1. Of all residues being hydrophobic (A, V, I, L, M, F, W, C) and surrounded by 10 or more Cβ atoms within 10 Å (Cβ to Cβ) in segment 38-55, which is nearest to Ile10 (Cα to Cα)? Just the residue, please.
2. Please give the number of the condition Ser71 fails out of (1) surrounded by 10 or more Cβ atoms within 10 Å (Cβ to Cβ); (2) closer than 19 Å to Asp3 by Cα; (3) out of contact with any helix residue (DSSP H, G or I) (no Cβ under 9 Å at 6 or more places or on another chain); (4) of a type in the set (Gly, Ala, Ser).
3. Just to check your reading of the model, which residue among Ile28, Ile58 is touching an Asp or Glu at 6+ places or on another chain (Cβ under 7 Å), among the aliphatic types (A, V, I, L, M), crowded, with 17+ Cβ neighbours inside 10 Å and at pLDDT 95 or above?
4. Suppose the filter is closer than 17 Å to Thr2 by Cβ and modelled with pLDDT of 95 or more; does Glu49 pass it?
Amino acid sequence: MTDNELLTRIMLDPKIMVGKPVIRGTRIAVEHVLNMLAHGAGEEEVLGEYPGLEKEDIQACLLFATRSLESTEFMPLASRGT
């Protein structure tokens, strides 16, 4: 599946979840899926929690996050020696 095909799985609609990016056809926010993964949930756990999701939906969330961060600049919050 191409990047563009994956990204079509993510929607932004101000009428759904106050415009947060969600997986197409659901009210499952990309942020929620990423948070689950960040806290140790595996792909199978996410899919088990939300039976309507597919593996490609999780891939789409990761790709969306990657693309969202591409043009972001980060400044260090504190020096490492402190």
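1. This residue is Leu53.
2. If we test Ser71 against (1) surrounded by 10 or more Cβ atoms within 10 Å (Cβ to Cβ); (2) closer than 19 Å to Asp3 by Cα; (3) out of contact with any helix residue (DSSP H, G or I) (no Cβ under 9 Å at 6 or more places or on another chain); (4) of a type in the set (Gly, Ala, Ser), just (1) comes out false.
3. Ile58 is the lone residue from the list that is touching an Asp or Glu at 6+ places or on another chain (Cβ under 7 Å), among the aliphatic types (A, V, I, L, M), crowded, with 17+ Cβ neighbours inside 10 Å and at pLDDT 95 or above.
4. no
Conditions tested, residue by residue: (1) assigned to a helix (DSSP H, G or I); (2) among the β-branched types (Val, Ile, Thr).
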| position | (1), (2) |
| --- | --- |
| Met1 | no, no |
| Glu5 | yes, no |
| Asp13 | no, no |
| Val18 | yes, yes |
| Thr26 | no, yes |
| Leu34 | yes, no |
| Gly40 | no, no |
| Leu62 | yes, no |
| Thr72 | no, yes |
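The values are calculated or read from the model by the stated rules, or taken from the named source; none is laboratory data. All values derive from a computational prediction rather than experimental measurement. Don't worry about glycine lacking a Cβ; one is built from the backbone with ideal geometry, like all the others, and counts go over all protein chains shown.
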